[in-house]
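Read-outs: derived from the displayed coordinates by stated rules, not from any lab. The structure displayed is predicted, hence computed values, not measured ones. All Cβ positions, even for glycine, are placed from backbone atoms using ideal geometry, and neighbour counts span all protein chains on display.
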Amino acid sequence: MSDRELYCDTCEGVQPFEVPPCVDGHDRDCPELICTGCGAAVLIATFAFPAPRLADRRRLATSRSGRRAA
Ligand SMILES: [Zn+2]
Ligand SMILES: [Zn+2]
């Protein structure tokens, strides 16, 4: 289960990619993948980004005062 299908720019289509033999000891966690169609290496680093989007969102909502003076 080491291959994944990704879009390859060189092949201009979705190709099965596989993890190359990693010299850094990442084994199957290596962020590098090789296109089995053309042999191009791509870097998939999706898991390296925690994507802290939600923390930024709610700052605006706190400045609303519920005071209603008529
Ligand atoms: Zn690696
Ligand atoms: Zn390719």
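Figures for the structure shown
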item: Label-to-label distance, nm, for residues given as Leu43 and Glu18 (7 Å Cα→Cβ offset); result: 2.4 nm
item: Fully extended contour minus Cα-Cα distance, from Arg68 to His26, at 0.36 nm per residue; result: 9.2 nm
